[in-house]
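These notes concern the structure reproduced below.
The values are calculated or read from the model by the stated rules, or taken from the named source; none is laboratory data. Just so you know, these numbers come straight off a predicted model, no measurement behind them. Note that we place each Cβ from the backbone using ideal geometry, even for glycine, and neighbour counts take in every protein chain shown. All accessible areas refer to the heavy atoms of the entire protein, side chains included, with ligands and DNA or RNA removed. Shrake-Rupley method; radii C 1.70, N 1.55, O 1.52, S 1.80 Å.
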Amino acid sequence: MTINVENVTKTYESGEVTIHALREATLKIPDHKIVTILGPSGSGKSTLLNVIGGIDRFDSGTLVVAGQQLELLKDHQLTDFRRKYAGFIFQQYNLIPTLTVQENVEVGRELSENPLDMKSMLEKVGMYDKKDKFPYQLSGGEQQRVAIARALIKNPQFLLCDEPTGALDEVTGKKILRLLKYVNEEFGTTVLIITHNHGIGAMAHKIIKMSSGSIVESFDNESPIDPEKVTWA
Ligand code: ADP
Ligand code: MG
């Protein structure tokens, strides 16, 4: 099991109010699978992804990821964990505007012990011919391909994708989903996809639904469909 979340709770203090972002969230995520996390805005999806990837701490519970018990790690150990095992993809790509495609991907490489080959990675995401372009010269879909290459070059065990197609149209979004499926099959990377788009659940091996900080449903999908066949909503 790559990821085992048990009774994980996280609150935020906002002025006088305590926000319960995660309430005893419990779930298991098997290795080498595509998993989608669905749920309304504010239900705790991003918080869950951020604690799994070691971006954020949590208040109580147990979280084991890639054999590491995250609540026991000191801050510098959590940083090492994140660099070694986790790749992140965000809705807004988060590329560095002053760096070229290749230099952006290089950032991911520098953080890693065991990087993959730059040229073959850029080829795999279909961006090798644009390696010297800057982010502003690229479409949204192309920028997301570069972000995926940056996350993957360090050969992470899992890829955490927070609304990866949220800023993309249907045709481009489906190409990105195709790429994520390819990554899962080619490298065996566990791929977690947060989405508002319920149709995307149909391409996953496992579907998780959240509401008000809790996991309210979790089920396996015996026959994931091709990303191209996803109903776009
Ligand atoms: P989702 O990704 O499902 O939309 P989030 O995990 O972003 O939900 O947020 C869960 C809850 O925690 C929401 O009520 C949100 O407003 C709150 N929250 C998230 N991040 C912070 C933060 N940094 N400070 C205060 N409240 C936060
Ligand atoms: Mg979110």
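Please report, ordered by residue number, the helices (runs of 4 or more DSSP H) entirely within region 1-117 with at least 1 residues that are within 16 Å of ligand 1 (Cβ to nearest atom).
45-52
Looking only at residues that are at positive phi and small (Gly, Ala, Ser) in region 51-95, which one is least open to solvent (accessible area, probe 1.4 Å)?
Gly54
Looking at region 121-143, is at least one residue of a type outside the set (A, V, I, L, M), within 17 Å of Thr100 (Cα to Cα) and under 14 Å from the mean Cα position of the chain (by Cα)?
No, region 121-143 has no match at all.
Name the single residue, out of those in region 26-48 being farther than 27 Å from Phe187 by Cβ and within 16 Å of ligand 2 (Cβ to nearest atom), that is surrounded by the fewest Cβ atoms within 10 Å (Cβ to Cβ).
Top of the filtered list is Ser41.
I'd like to check something: does region 138-147 contain any residue that is of a type in the set (D, E, K, R) and crowded, with 16+ Cβ neighbours inside 10 Å?
Yes: one or more hits.
Taking the conditions exactly as written (assigned to a strand (DSSP E or B) and either within 23 Å of Leu95 (Cβ to Cβ) or acidic (Asp, Glu) (or both)), does Leu168 satisfy them or not?
For Leu168, the condition - assigned to a strand (DSSP E or B) and either within 23 Å of Leu95 (Cβ to Cβ) or acidic (Asp, Glu) (or both) - is not met.
For Ala167, only one of the following conditions fails: (1) within 16 Å of ligand 2 (Cβ to nearest atom); (2) open to solvent by less than 40 Å² (accessible area, probe 1.4 Å); (3) touching a residue at least 60 places away in the same chain (Cβ under 8 Å). What is its number?
(2)
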